[in-house]
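The values are calculated or read from the model by the stated rules, or taken from the named source; none is laboratory data. Here the structure is a predicted model, which means the values were calculated and not measured. Here Cβ is always computed from backbone atoms with ideal geometry, including for glycine, and neighbour counts include all displayed protein chains.
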Amino acid sequence: MKSKRILTCVLAIMISLTAFLSLTTPLVRGNGDSIPIEYCQQLNLNGTYIYNVTAFGAEKSWLNYSWNPIGNINTNIGGQICINFTGFYDRDPSDAFGDDFPDTNMPWMDISIYNNTLDKNLELTNKSNSDIAGNLLFNYWNFKPGFLVPKNWTWLNETAQTNADAGTATLTVEESYNFISFDFDQVGSQRTKLIYDKNTGLLVSANTSSTWDGYHLVIQSLNFTLDYNKTYNYDVVDFATPWSWWNFTGSETEGWFSSNPSGVIMVNFTGDYNKDINDWGNIFEDPIPWINISIFENISGSLILNFTQSNKSNSEIARNLNIGYNNFQSAFRIPIDNLSYIEQVAIEQGNVGLKGNVTVMESDLTIKIIYNQYPNGQKTQMIYEKLTGLLLWGNTSIGAYLLEMAIEGYTPWLDVPAPETGPTPSPPADIVYLPYLIVIIASVAIVVPFEFVPRASSKTKKYALLAMLAVSSFSGLLFFNSNMNLLLGSSTFNQRVDNITLIVEYADGRDDFTPNPFSLIGGKTSLYDALDAWFDVEIEYNPGLGYKLISIDGYEPSGGWTWTINGGFAGAITTTALNSGDTVRFTAH
């Protein structure tokens, strides 16, 4: 009997203790540690995610929900930010301002901030994603994505746009195969660019700054790498003419390959190894990717294997599929450790071997390389993902051969009609002598007649000379006023400009937007170069007036074209230099 009373007492105490803990535990701990269905199920809740700091400016306070500082955000280049997820819980009851994300199933995490000697500057435990986003400025208004977002890209796009509109910011959203970026630009106040991995929802990089306190933080994830265990499927958009696959010796073929629209090219990376001993011309250094590749035709809706090769180097595949040119054999992946070098050699390779015009452009997530052999021959365009080097799209032709393919789910940029016969047109060289010719003709026309007037006094001749100087100066002024921009050499152009926005407004009210913003490099950074990179441009040279814009993509308005840079007057189309951040607008009349 006594033992029953003891057991009853123990049970009562346990029940009371459980009830007490349930009542006193904060609401934020109410959901448990499982990963909600809207988030990636492969997240490591026991691991550490590390971000390298590549830029930092102006220490700022970390504020709690009562706006009281509880530490300082301070690091430097080479420092790190580390996070550990502690679970998914309800919003903190003190988070009165909140955000547009749901109040439940919010990521919570521990966060540590280190300087470049890995001395810990700040350590906070079990902070919500909303709290961290607001303090690190990984947000804009009530859009607080922080370090992890649910994989609902449509909802995220709409929510980001709603908050950009509320805060009068310009929002640019770009998607590639692996990533999505949100770029908020509130002029004179805040600039925040956040890139997320579409497979996990994790933040990959952030570049955020505010003018009101000088804060600036740029970080890059150390946890993301391209998955070599994955099969990458490329949808064949167009294909023409079966093509022979040659080995590096060129002495024998290994068969013929063919596909068709709706066919598929499957790629599996087998690893990074040294180049084939016969691969002497490839400008890419060891190691390079090696690949298994299978090419399928679509026959009555079924994929039928047409050709396959095992463990072939990236450059051998490039030479056979013509996804590359000269010694720039880039195929399915380019190195990403030095993209500026890749841009440089891409342009240089247009001037060796089968010479052609090369244009390189960039968006936030991608780099596009266009090669057009001139006066005719191979035409190749390729888009690569900047953070992985993965080929996203290729469109290449040589003779009767044609292949266009895009990695599944990816829509490429607008097709680029790059020029085929060389660089931006320049005015005739002898035009620079025109001012001197004007002076000579005016001098002869005014002074010589007076030499044959016997009664003309020296005073009259002096007045004639002054008149000659006035006329010639006025003539030269008129010439230079209409042709000064034409006389500026290419040395006035920047070698590179970034964040260029280009808009074409047609007379029927429609607009053409490129995948803004983009970059121009290699000194091809004029007003004409920006337009010619995206459209088929027709211009006409008129002596004394310079180049006139006739049509864009074949559209020739009756009232002609005008153009502005940043809303203001812009000079001659071929020689007006662009600067980073310029917005160019062409308007038809």
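Below are the figures for this structure:
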{"quantity": "Sole exception among (1) out of contact with any Phe, Trp or Tyr (no Cβ under 9 Å at 6 or more places or on another chain); (2) not in a strand (DSSP E or B) for residue 123, by number", "calculated": "(2)"}
{"quantity": "Criterion: among the aromatic types (Phe, Trp, Tyr), in contact with an Asp or Glu (Cβ under 9 Å, 6 or more places away or on another chain) and over 28 Å from residue 348 (Cα atoms) - qualifying residue of 239, 248, 296, 257", "calculated": "239"}
{"quantity": "Residues that are exposed (fewer than 13 other Cβ atoms within 10 Å of the Cβ) and either on the phi > 0 side of the Ramachandran plot or more than 29 Å from the chain's Cα centre (by Cα) (or both), drawn from the range 282-308", "calculated": "299, 300, 301, 302, 304, 305"}
{"quantity": "Unmet requirement for residue 563, which otherwise passes all of (1) within 21 Å of residue 359 (Cβ to Cβ); (2) touching a Lys or Arg at 6+ places or on another chain (Cβ under 7 Å); (3) exposed (fewer than 15 other Cβ atoms within 10 Å of the Cβ)", "calculated": "(3)"}
{"quantity": "Residues being under 30 Å from residue 185 (Cα atoms) and either part of a strand (DSSP E or B) or in contact (Cβ under 8 Å) with a residue 40 or more places away in the chain (or both) - total across the range 539-589", "calculated": "27"}
{"quantity": "Any hit, the range 170-187, residues being among the polar types (S, T, N, Q) and within 30 Å of residue 279 (Cβ to Cβ)", "calculated": "yes"}
{"quantity": "Members of the range 31-65 that are assigned to a loop (DSSP other than H, G, I, E, B) and hydrophobic (A, V, I, L, M, F, W, C)", "calculated": "35, 37, 40, 43, 45, 58"}
{"quantity": "Leading residue by the ranking (nearest to the chain's Cα centre (by Cα)) among those in the range 360-390 that are over 15 Å from residue 175 (Cβ atoms) and of a type in the set (A, V, I, L, M)", "calculated": "367"}
{"quantity": "Condition check for residue 500: modelled with pLDDT of 75 or more, surrounded by 14 or more Cβ atoms within 10 Å (Cβ to Cβ), among the aliphatic types (A, V, I, L, M) and over 27 Å from the mean Cα position of the chain (by Cα)", "calculated": "no"}
{"quantity": "Unique residue being at pLDDT below 95, of a type outside the set (Lys, Arg) and farther than 19 Å from residue 380 by Cβ when the list is 338, 274, 268", "calculated": "338"}
{"quantity": "Residue satisfying condition, being of a type outside the set (Val, Ile, Thr) and at pLDDT below 95, within set 95, 131, 110", "calculated": "95"}
{"quantity": "Condition broken by residue 239, with the remaining ones in (1) out of contact with any strand residue (DSSP E or B) (no Cβ under 8 Å at 6 or more places or on another chain); (2) within 21 Å of residue 378 (Cβ to Cβ); (3) at pLDDT 95 or above satisfied", "calculated": "(1)"}
{"quantity": "Strands (runs of 3 or more DSSP E) enclosed by the range 178-283 - at least 3 residues per element that are among the hydroxyl-bearing types (Ser, Thr, Tyr)", "calculated": "203-210, 231-240"}
{"quantity": "Lone unmet requirement of (1) crowded, with 20+ Cβ neighbours inside 10 Å; (2) touching a His at 6+ places or on another chain (Cβ under 9 Å); (3) over 24 Å from residue 152 (Cα atoms) for residue 217", "calculated": "(2)"}
{"quantity": "Filter pass, residue 75 being within 14 Å of residue 128 (Cβ to Cβ), in the same structural domain as residue 126 (by TED's automatic domain parsing) and modelled with pLDDT of 85 or more", "calculated": "no"}
{"quantity": "Failed criterion for residue 315 (all others in (1) in contact with a Leu (Cβ under 9 Å, 6 or more places away or on another chain); (2) at pLDDT 95 or above; (3) of a type in the set (Ser, Thr, Tyr) hold)", "calculated": "(1)"}
{"quantity": "Matching entry among 256, 245 (being exposed (fewer than 14 other Cβ atoms within 10 Å of the Cβ) and at negative phi)", "calculated": "256"}
{"quantity": "Near pairs, Cβ below 9 angstrom, 6+ apart or cross-chain, from the range 490-505 (over 11 Å from residue 578 (Cβ atoms)) to any residue that is among the acidic types (Asp, Glu) and at pLDDT 80 or above", "calculated": "504/553"}
{"quantity": "Among the candidates 168, 162, residue that is more than 26 Å from residue 53 (Cβ to Cβ) and assigned to a helix (DSSP H, G or I)", "calculated": "162"}
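Conditions tested, residue by residue: (1) of a type in the set (S, T, N, Q); (2) within 30 Å of residue 290 (Cα to Cα); (3) free of Cβ contacts under 8 Å to residues at least 60 places away in the same chain; (4) surrounded by 15 or more Cβ atoms within 10 Å (Cβ to Cβ).
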| residue | (1), (2), (3), (4) |
| --- | --- |
| 162 | yes, no, no, yes |
| 166 | no, no, yes, no |
| 190 | yes, no, yes, yes |
| 203 | no, yes, no, yes |
| 209 | yes, no, no, yes |
| 228 | no, yes, yes, no |
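Per-residue answers, yes or no, for (1) free of Cβ contacts under 8 Å to residues at least 24 places away in the same chain; (2) surrounded by 21 or more Cβ atoms within 10 Å (Cβ to Cβ); (3) not charged (D, E, K, R):
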position	(1), (2), (3)
120	yes, no, no
143	no, yes, yes
150	no, no, yes
158	yes, no, no
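Each row is one residue, and each column tells you yes or no for (1) farther than 21 Å from residue 518 by Cα; (2) surrounded by fewer than 21 Cβ atoms within 10 Å (Cβ to Cβ); (3) touching a Pro at 6+ places or on another chain (Cβ under 6 Å).
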position	(1), (2), (3)
335	no, yes, no
344	no, yes, no
355	yes, yes, no
359	no, no, no
368	no, no, no
372	no, no, no
376	yes, yes, no
